[in-house]
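Notes to accompany the following structure.
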Amino acid sequence: MNDDAANSQAAETQAAVDRRWRTIGALVAMVGVMAGAFGAHALKENPLVESWKTGAHYQLLHGIALTIPGLPLLSRRLILTGAILFAGSLYGLVALHLNWLGPVTPLGGLCMISGWGVAAWKGRG
């Protein structure tokens, strides 16, 4: 295989990966919007509604982030895991009163921070 063919195949593979992650990111963001709407209407009397809103906000932003073309795979995996852990634990705390989820929230935050750190490190050169 010559260099041009190899480069073309690599570009096609990257495009397919980007398409898959655009879909995942769009779904994560969509659920974030749905969660935000649910919180705004169904939970407005809940004293923990601000925690719910924080989870929805971070989920929405990080869903959008997953759609960034060329974002390193490790970054995407960390950001997705972090968004699920962070927002999911807040949703569970607020809606289901699962207090044992409290320690999960910062782990989700750490995953998201790490995902951005990996993106910064890989993007430096």
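What number of residues in region 62-76 are out of contact with any Leu (no Cβ under 8 Å at 6 or more places or on another chain), crowded, with 16+ Cβ neighbours inside 10 Å and assigned to a helix (DSSP H, G or I)?
1
Do you know which residues across region 77-95 are buried (at least 18 other Cβ atoms within 10 Å of the Cβ) and farther than 16 Å from residue 113 by Cβ?
Across region 77-95, the qualifying residues are 90, 91, 92, 93, 94.
How many of the residues in region 15-61 are surrounded by 17 or more Cβ atoms within 10 Å (Cβ to Cβ), touching a residue at least 40 places away in the same chain (Cβ under 8 Å), within 16 Å of residue 85 (Cβ to Cβ) and under 15 Å from the mean Cα position of the chain (by Cα)?
Going through region 15-61 one residue at a time, the tally reaches 4.
No value in this document is a laboratory result; all are computed from the given coordinates. Note that this is a predicted model, so its numbers are computed, not measured. Cβ: placed from backbone, ideal geometry, glycine included. Neighbour counts: every protein chain shown.
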